[in-house]
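Coordinate-derived values only; no laboratory data. As the structure is a prediction and not an experimental result, all values here were calculated from the model. Quick reminder, even Gly has a Cβ in these numbers, built from the backbone with ideal geometry, and neighbours come from all protein chains shown.
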Ligand SMILES: [Fe+2]
């Protein structure tokens with residue numbers, strides 16, 4: 001097995017781990033729990049789950065996957081947040097008014113994005129992979145940020161309920177915790193790591209440049 005194939009497999013496994021963990025966070029939920037927006041600074045879980053997929057679709061699949069077709073082109077606006085440079089967005093304070101697409105539709109959207117990201121990572125040649133890896137890692141870091149937001153927004157939503165529901169009866173198994181994602185250096189371990197970090201820095205700067213205006217005072221998302 002070559003170094004690049006090892007890193008390719010590690011990247012695929014990290015992608016699957018983070019995406020699966022988002023869905024495991026939703027396992028305790030009823031369908032009704034997915035759609036409530038308890039205040040303008042919170043977002044419904046359904047929106048978070050779609051938005052993190054929109055990120056991969058917008059910044060990885062559309063630029064890099066040949067012949068990629070979005071599941072629904074209108075999701076580009078509905079699930080944008082504050083990435084002003086990539087187009088219009090639906091207002092955050094009204095995300096809780098959106099009953100369609102349904103929760104099932106959002107899971108279909110996630111599956112569609114997963115299928116094409118995995119296809120891209122499996123088929124990309126060794127020269128293309130170093131350009132894709134930092135974007136994937138950034139997307140996974142972004143999804144992990146939204147995993148935190150999912151839990152905090154759910155707790156705020158549940159706190160309004162006089163029946164005092166809890167998110168989970170027992171704490172999640174700590175062994176389910178995910179490792180901190182490493183930057184993927186492609187090539188040999190020492191030089192490749194530095195090269196990967198440099199590429200990730202470039203990717204972050206690009207995203208910072210398009211993510212500048214319109215952040216709320218206390219949180220993004
Ligand atoms: Fe976001």
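Remarks
- Rounded, prolate or oblate (a/c below 1.5 giving rounded, otherwise prolate when a/b exceeds b/c) for segment 1-62 by Cα gyration tensor: prolate
- For the peptides 52-58, 67-73, the ranking by packing is 52-58, 67-73, with the highest mean count of neighbouring Cβ atoms within 10 Å listed first.
- Of the residues 43, 64, the one with the fewest other Cβ atoms within 10 Å heads the list, and the complete ranking is 64, 43.
- Note on residue 126/residue 94: beta-carbon distance plugged into 1/(1 + (r/R0)^6) with R0 of 30 Å gives a FRET efficiency of 0.10.
- Cα gyration tensor, segment 3-142 - rounded (a/c under 1.5), prolate or oblate: prolate
- The residues 46, 27, 155, 89, when put in order of fewest to most other Cβ atoms within 10 Å, stand as 27, 155, 89, 46.
- Relative contact order of segment 3-142: 34 percent, from C-alpha pairs under 8 Å at least 6 residues apart in sequence.
- Segment 68-126: C-alpha gyration tensor shape, a/c 1.5 cut-off, then a/b vs b/c: oblate
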